[in-house]
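The values are calculated or read from the model by the stated rules, or taken from the named source; none is laboratory data. Since the model is a prediction, treat every value here as computed from it, not as a measurement. Counting neighbours? That spans all protein chains shown, and the Cβs are built from the backbone with ideal geometry, glycine included.
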Amino acid sequence: MLAAAGSAALLLGALVFQALGYAPCAMCIWQRYPHAIAIGMGAMLLFALPILPILIIGALSALSTSALGVFHTGVERGWWEGPTSCTGSGLDVSQMSVSELLPSASSNASNLVLCSEVVWEFLTLSMASWNAILSGVLACLWLVAIARHQKVRWHGVADVS
């Protein structure tokens with residue numbers, strides 16, 4: 001439950017930053033989906049469902065958003081290329097349609113954020129970097145929960161310490 005609450009806090013934090021005017025890029029949005037899944041897994045733990053699959057999915061969710069955060073950090077720092085759809089690299093105007101070259105007036109091009117640009121930093125780390133670190137910690141919490149569940153399952157005794 002603690003790991004699911006951590007995902008809820010990270011997701012809420014991302015939404016607060018967005019409400020404050022920090023528009024997310026495509027990779028930022030991708031990192032939110034696993035948090036939503038982890039929150040759902042935490043909610044499912046409240047019911048009498050098979051616990052191990054829920055814990056495994058929660059751990060995989062935290063690991064996947066952490067991995068996305070590491071990848072995004074690498075794109076921001078120029079360690080590797082990111083997807084051309086959100087980095088502005090690899091743009092070939094000759095292959096673009098008229099509608100791509102001239103976005104409609106209804107589109108909000110001012111909110112376009114490139115994945116390779118850092119829009120906010122704290123202690124020299126971007127939001128993607130913080131997500132990678134904190135989600136890695138959450139993944140460890142999920143893995144500890146799996147280990148404790150397995151210990152109880154195999155030994156029949158819960159370790160309360």
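Computed values, structure above
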item: Hits in region 40-69 - residues which are out of contact with any Phe, Trp or Tyr (no Cβ under 9 Å at 6 or more places or on another chain) and crowded, with 19+ Cβ neighbours inside 10 Å; result: Gly42, Ile54, Ser66
item: Boolean, Glu81 is part of a helix (DSSP H, G or I) and at pLDDT below 90; result: no
item: In region 40-64, residue farthest from Trp142 (Cα to Cα) [restricted to those that are assigned to a loop (DSSP other than H, G, I, E, B) and not aliphatic (A, V, I, L, M)]; result: Phe47
